[in-house]
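The values are calculated or read from the model by the stated rules, or taken from the named source; none is laboratory data. None of the values given here were measured: they were computed from a predicted structure. In this analysis, Cβ positions are derived from the backbone assuming ideal geometry, glycine residues included, and neighbour counts consider all displayed protein chains. Just so you know, the surface numbers come from the protein's heavy atoms only, side chains and all, with ligands and any DNA or RNA stripped out. Shrake-Rupley method; radii C 1.70, N 1.55, O 1.52, S 1.80 Å.
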Amino acid sequence: MAFEEHITEFAGHPVIDWNAEESIQDPQGTMYRISLSYDEQEGTTPWTEKLRQFFGASKPKPMVRWADKFNLFLDTPNAHQVTGLVIGDWRLGDAQDSASVVESLVEARDRLPNLTAIFLGDLTREECEISWLEQCDVSPLLNAYPQLEHFCVRGATNLSFGQLQHQHLKTLIVQSGGLGASVIHEILTAQLPQLEHLELWLGIDDYGGDAKVPDLQPLLDGNLFPNLTYLGLRNSEIADGIAQALANAPVLNGIKTLDFSMGTLSDTGAQALLTSPLIPNLQKLDIHHHFCSEAVVQKFAHLGIEVDTSEPQEEETYNNESWRYVAVSE
């Protein structure tokens, strides 16, 4: 899986690109995506005439930053009613990491009182490989919006959550090609009493995914997030080890969906799931993009729950060694 297209839905609502020439028609039912294109960055689109007037007629084609477009969005009627934002490419004409974006969003907290959903980093592969996407400490952003319920961040380079405490967050998603153990520790020590959906793309060691099974043990023990119903430990090169540790883990007593997709799960990890006394209590198990044999895949049909076993993969052999790959790394 690669990010060939931008997302079209988030937090249960459709996502559309915000055009500075258009009004905000559906502030509560639509997630607005704010992103810079090359033409906008170079000041060659109609809306940049507003900036030209601001800077003065003698200033041709001012370089546009993401914050400039965001400020125009804030000045648009109905902006204060918006409930969700999707942040696209901010890097044109601005710093490479997301710090300036986070700063702009924090400064706008009083102008976006109804914001309950943020997706930070909806960039396609053409715009930026996920391993090159530089984030920052996002804790000021989460602190600035205490009513936030859904937060997704793409890219884990320089990502930090700090000492996270949030009373209303229900969904936390971290999409990465390699999620560091230090970030996982921050998440697993966070105070998130309302968290229902936790989705971690663990990735591979070569791209920063240095977490091992023991780093996840506090989560597997089942005492961290009492309202958790969805657990996604996705895109992992240590899927087999996690499956073996998870098979009898107390966390399975509370969740309804276990998402193991996009990783390197093989017959070894699959057998642990198949023999687990707790897996049949789930409503859904997702292992799509796996390396299991057909014989083992057929056994999942007898669990009595919904199981996604699609997208079987074949191991590749180099120099007499077998290799399995996660769906998203670079």
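If a residue counts only when it is farther than 19 Å from LEU231 by Cα and touching a helix residue (DSSP H, G or I) at 6+ places or on another chain (Cβ under 9 Å), which strands (runs of 3 or more DSSP E) contained entirely in region 260-329 have at least 3 such residues?
Ranges flagged: none.
If you check GLU5 against the conditions, is it modelled with pLDDT under 85 and open to solvent by 100 Å² or more (accessible area, probe 1.4 Å)?
Against the criterion (modelled with pLDDT under 85 and open to solvent by 100 Å² or more (accessible area, probe 1.4 Å)), GLU5 does not qualify.
Just to be sure I understand, how many residues within region 218-274 are in contact with a His (Cβ under 6 Å, 6 or more places away or on another chain) and among the aromatic types (Phe, Trp, Tyr)?
So in region 218-274, the residues in contact with a His (Cβ under 6 Å, 6 or more places away or on another chain) come out as 230, 261-262, 265.
Then keep just the ones that are among the aromatic types (Phe, Trp, Tyr); that gives 230.
So the count comes out to 1.
Take the residues in region 106-133 that are at pLDDT 95 or above and of a type in the set (D, E, K, R); name whichever of them is least open to solvent (accessible area, probe 1.4 Å).
My answer is ASP122.
Could you give me the residue pairs with C-beta distances under 6 Å whose first residue belongs to region 278-297 and is within 18 Å of ASN235 (Cα to Cα), whose second residue is open to solvent by 20 Å² or more (accessible area, probe 1.4 Å) and of a type in the set (Lys, Arg) wherever it lies, and which are 6+ apart or on separate chains?
Once the first residue is within 18 Å of ASN235 (Cα to Cα) and sits in region 278-297, its partners that are open to solvent by 20 Å² or more (accessible area, probe 1.4 Å) and of a type in the set (Lys, Arg) give PHE291/ARG324.
Can you confirm whether region 283-294 contains a residue that is among the aliphatic types (A, V, I, L, M) and under 23 Å from HIS197 (Cα atoms)?
Yes; the residues of region 283-294 include at least one that is among the aliphatic types (A, V, I, L, M) and under 23 Å from HIS197 (Cα atoms).
Residue by residue through region 316-330, note down the ones that are surrounded by 10 or more Cβ atoms within 10 Å (Cβ to Cβ) and farther than 15 Å from ALA239 by Cα.
GLU316, SER322, GLU330 - these are the residues of region 316-330 that are surrounded by 10 or more Cβ atoms within 10 Å (Cβ to Cβ) and farther than 15 Å from ALA239 by Cα.
Results for (1) of a type outside the set (Lys, Arg); (2) at pLDDT 95 or above; (3) under 22 Å from the mean Cα position of the chain (by Cα), shown as yes or no for each residue.
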residue	(1), (2), (3)
LEU233	yes, yes, yes
ASN248	yes, yes, no
LEU265	yes, yes, yes
ILE287	yes, yes, yes
SER293	yes, yes, no
GLU316	yes, no, no
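Does ILE242 satisfy the criteria of being closer than 18 Å to SER160 by Cα, open to solvent by less than 10 Å² (accessible area, probe 1.4 Å) and outside any strand (DSSP E or B)?
Answer is no for this residue.
Looking for something under 25 Å from ALA327 (Cβ atoms), touching a residue at least 60 places away in the same chain (Cβ under 8 Å) and in a helix (DSSP H, G or I) - is there at least one such residue anywhere in region 131-142?
yes
Would you mind finding the one in THR44, THR48 that is modelled with pLDDT under 90 and open to solvent by 20 Å² or more (accessible area, probe 1.4 Å)?
Working: THR48 fails: open to solvent by 20 Å² or more (accessible area, probe 1.4 Å).
Of THR44, THR48, the one residue that is modelled with pLDDT under 90 and open to solvent by 20 Å² or more (accessible area, probe 1.4 Å) is THR44.
Is there a residue in region 291-311 that is closer than 30 Å to LEU133 by Cβ and either touching a Cys at 6+ places or on another chain (Cβ under 8 Å) or open to solvent by 60 Å² or more (accessible area, probe 1.4 Å) (or both)?
Taking every residue of region 291-311 in turn, at least one turns out to be closer than 30 Å to LEU133 by Cβ and either touching a Cys at 6+ places or on another chain (Cβ under 8 Å) or open to solvent by 60 Å² or more (accessible area, probe 1.4 Å) (or both).
Of all residues in region 206-227, which are part of a loop (DSSP other than H, G, I, E, B) and open to solvent by 80 Å² or more (accessible area, probe 1.4 Å)?
Across region 206-227, the qualifying residues are LYS212, ASN223, PRO226.
What do you reckon, is SER139 closer than 26 Å to GLY209 by Cβ, surrounded by fewer than 18 Cβ atoms within 10 Å (Cβ to Cβ) and within 17 Å of the chain's Cα centre (by Cα)? Steps first, please.
Numbers: closer than 26 Å to GLY209 by Cβ: yes; surrounded by fewer than 18 Cβ atoms within 10 Å (Cβ to Cβ): no; within 17 Å of the chain's Cα centre (by Cα): yes.
Criteria not met by SER139.
Kindly provide the set of residues from region 153-169 that are surrounded by fewer than 21 Cβ atoms within 10 Å (Cβ to Cβ) and either without any contact (Cβ under 8 Å) to a residue 60 or more places away in the chain or within 14 Å of the chain's Cα centre (by Cα) (or both), ordered by number.
THR157, SER160, GLY162, GLN163, LEU164, GLN165, GLN167, HIS168
If you go through region 11-28, how many residues are open to solvent by 20 Å² or more (accessible area, probe 1.4 Å) and either of a type outside the set (Val, Ile, Thr) or modelled with pLDDT under 95 (or both)?
12
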